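Everything below concerns the one structure shown next.
FYI, it's all coordinate maths here, none of it is from the lab. Bear in mind that the values here come from a model prediction, so they are computed numbers and not experimental data. Glycine also receives a Cβ, built like all others from the backbone with ideal geometry; neighbour counts cover every protein chain displayed.
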Amino acid sequence: MNTAVINNSPTPATPARSQGVWAAAWKRLKADRVGMVSLYIVAAFMALVALTLANVVAANWQDEVGVPNAPPHFIGPKPAEAVGAIAVPTGPNVDISDIDPLAPKYKEWEEVAKKYKTVETVKAETLILGGDRLGRDILQKVIRGAEVSIVVGLLAATLATLIGTLLGALSGFFGGKVGDLLEWVYNVFTAIPSILLIFAFAVIFGRGVLSVVMILGLTGWTGIYRLIRAEFMKHRQREYVRAAEAIGASTSSRMFKHILPNVSHVALVQLSLHVVSFIKYEVILSYLGLGVSVDQVSWGTMLSEAQSELILGYWWQLAAVTTFMALFVTAFALFTDALRDALDPKLRGLE
């Protein structure tokens with residue numbers, strides 16, 4: 001008689017795969033309410049910038065749709081100014097053909113002129129957020145200005161962060177002659193006052209959005225370089241890096257797959273600070289005539305215009321641009337703070 005042997009021993013469970021660095025960071029970020037709200041605000045601004053780049057929103061910001069310095073809707077139209085009445089002559093027209101030989105041609109010229117007569121558009125007495133001295137809509141201007149200022153701030157900060165992170169990683173990981181050479185380059189850039197260096201690059205590159213990005217990116221990497229260099233010097237001797245080297249990981253893999261994710265919170269914090277700083281620098285450069293070109297608008301040019309308008313009591317352009325700028329800068333800083341906390345290895349319990 002054959003008897004079947006039943007094995008009741010439990011089947012070993014397959015060990016669950018641990019989460020990656022970015023998946024764990026996203027999970028921690030979702031648990032941060034302030035960080036998620038800030039992310040939504042930043043995403044809304046980015047969507048607005050994308051729409052303005054595609055000329056879907058604020059495409060006609062240069063149109064003079066309102067009266068000069070039109071107030072916002074909630075204030076109401078300006079009181080009508082008293083104008084002296086001009087007496088209009090009445091009675092039949094006087095025949096002056098005897099003394100004016102061109103009088104018979106007047107009627108003919110009037111009929112010809114009607115064919116080329118332009119229609120005068122009625123300008124609004126009030127606008128949503130008011131108008132500037134030319135009657136342009138401030139809401140459209142501040143949206144179009146957000147495109148220039150945010151693009152300049154983000155691109156310049158990204159360029160500076162990439163340069164500083166790459167050079168800092170090379171200097172901190174390799175040291176030796178590579179580190180000495182990069183330290184010499186760093187000392188050359190820091191020996192010159194930053195504002196003079198910015199002006200020097202501004203003379204070389206000229207005006208325009210791309211020029212401002214290059215100017216700020218090439219002058220703003222030095223602080224990031226020092227911090228990333230110190231972090232790489234500290235982490236290159238850690239056990240996890242040596243273990244990766246022991247199993248045959250390449251130099252680039254150890255630098256950018258093992259060390260960089262664990263020091264990325266430093267770069268992100270610096271990125272956030274530089275976005276804010278570079279938006280301010282764009283304001284200064286535009287105010288001095290070294291920023292964006294004259295046919296463009298940015299938060300910097302709007303603040304420059306608002307300075308003269310504020311003296312006359314027209315405060316709405318200043319209020320609009322400062323509100324938009326403060327909202328974006330605060331949301332971006334809070335979001336980067338939350339992202340830093342999600343990526344910081346000390347907060348993840350890895351150190």
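Some observations on this one:
- Applying 0.36 nm per residue to the separation of residue 183 and residue 230 and subtracting their alpha-carbon distance, the gain on full extension is 15.7 nm.
- For the pair residue 44 and residue 63, label points projected 7 Å from Cα toward Cβ lie 2.5 nm apart.
- Approximate spin-label separation residue 115-residue 203, in nm, with each point projected 7 Å along Cα-to-Cβ: 5.7
- Residues whose placed amide H lies under 5 Å from that of residue 127, excluding near-sequence neighbours: 73
- P(r) tail for segment 117-268: Cα pairs beyond 28 Å make up 44% of the total.
- Phi to ³J(HN,Hα) by Karplus 6.51 cos²θ - 1.76 cosθ + 1.60 over segment 267-276, Hz, x for Gly, Pro: 5, 5, 4, 5, 4, 4, 5, 6, 4, 5
- Paired Rg and Dmax values of segment 172-214, which use every Cα atom, in angstrom: 14.1, 40
- Computed FRET value (nearest 0.05) for residue 34 with residue 190, which takes r as the C-beta separation and R₀ as 45 Å: 0.80
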